[in-house]
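For reference, the structure discussed in these notes is given below.
Nothing in this text is a laboratory measurement; each read-out follows from the coordinates by a stated rule. Bear in mind that the values here come from a model prediction, so they are computed numbers and not experimental data. Positions of Cβ are backbone-derived with ideal geometry, glycine not excepted, and every protein chain shown enters the neighbour counts.
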Amino acid sequence: MTPAITSEPASSAQDHAAERDVRDLPNALVALDDILARCEGRPLALFLDYDGTLTPIVDDPEQALLSEGMRAVVSDLAEECSVALVSGRDLQKLKSLAGLQHVTHAGSHGFDIETADGRTVAHEGAMADLPALDRAERQLRQRLSGIAGAIVERKRFAIAVHFRQVAPQKVDRVQTVAKEVLAEQEGLRAKPGKMVVELQPDVDWDKGRAVLWLLEQMGAAGSASPLYVGDDVTDEDAFRALKGQGIGVLVRDDQPRASAADYVLDDVDEVRRFLEVLTARLSQG
């Protein structure tokens, strides 16, 4: 067990860099030459979100298995550069669903990490909030038990309340219950996502800070070119954190919004093609 993560010193992950309309961002597959040129010959450090990036978002979160094709692509990439999965998923669930070797897994938005060489580390501040998460989980399961389609997914360092399968007229009720439970527990915060709200430890940590921490641990801060690919609003923390030192690629959906990403991809299939071409280019030296 490596020393626990702490939130000091403060990083730039919370700085809101200039954002642009996703409809104005160039396509990363088309602009691959430009992306590689920005790396300026430095080794690539690749960070990948999971749901909505490597695998389509599905109604049942337990069924979000990585396809054999995508698994092969990411495995090939891991032979060419360092690769880390950075996900809201529980660490053990992420490892189980992805089925990948020789990559770093950062679960629960980076609160819980297992490096490619098998070292594990958890955020020190988040450990103190585990009892509050336990209490919140019991309350959520009790109060949402009568709402069809509501799913309470417990992770080690978070509780995800999914409402993708909830009838539209019941969604407000699910969100209200989550807010009520949050208000009753000190030390927790809410983090919105796509048809989900998460209760997390209220510490200064997110995907962006986790990426910067991993770069430090790899000895790659300032010497590698970090590239982050993600689709969710939680991935914006990473895009902002890497402004000025790395590259952000958003897997966009049909909803217009602003993003701190530099490039876009249209869907999971295009992510796979992008990673395939990237692997080929890296293998050529």
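Taking 7 Å steps out from each Cα toward its Cβ at ALA128 and ALA37 produces label points 4.9 nm apart. Computed about the Cα centre, the dipole magnitude for segment 126-201 is approximately 260 debye when only Lys and Arg (+1) and Asp and Glu (-1) carry charge, each at its Cβ. Only lysines eight or more places from LYS170 in sequence, or on another chain, were considered; those with a Cα closer than 18 Å are LYS179, LYS194. In order along segment 54-61, the Karplus-derived 3J(HN,Hα) couplings, from 6.51 cos²θ - 1.76 cosθ + 1.60 at θ = phi - 60°, round to 8, 9, x, 6, 10, 4, 9, x Hz, and Gly and Pro are given as x. Set Lys and Arg Cβ to +1 and Asp and Glu Cβ to -1, take the dipole of the chain about its Cα centre, and tell me which of GLN169, ALA64, LEU85 lies farthest positive. Checked the options; the winner is GLN169.
When every Cα-Cα distance of the chain is counted in 10 angstrom steps from zero, the calculated P(r) takes the values 7, 29, 37, 21, 6, 0 percent.
Ranking VAL203, ALA183, GLN284 by how far each Cα lies toward the positive end of the dipole of segment 141-285 (charges on Cβ) leaves ALA183 at the top. Each of ALA241, PRO226, LEU144 was placed along the dipole of segment 128-285 (beta-carbon charges, centred on the mean Cα), and the one lying farthest toward the positive end is LEU144. Which lysines have a Cα lying under 16 Å from the Cα of LYS95, excluding residues fewer than 8 positions away in the same chain? The qualifying lysines are LYS155.
Dipole magnitude for the chain: about 560 debye, using +1 per Lys or Arg Cβ and -1 per Asp or Glu Cβ, origin at the Cα centre. For segment 126-201, the relative contact order works out to 35 percent when only alpha carbon pairs closer than 8 Å and six or more residues apart are counted. Counting only alpha carbon atoms, the long axis of helix 68-78 and the longest principal axis of the chain meet at about 60°.
What number, in percent, do you get for the relative contact order of the chain if the mean sequence gap of Cα pairs under 8 Å and at least 6 apart is divided by its residue count? Show your work: numbers first, answer last.
Values: 529 pairs, mean separation 74.8, N = 285.
Reported as a whole number, the value is 26 percent.
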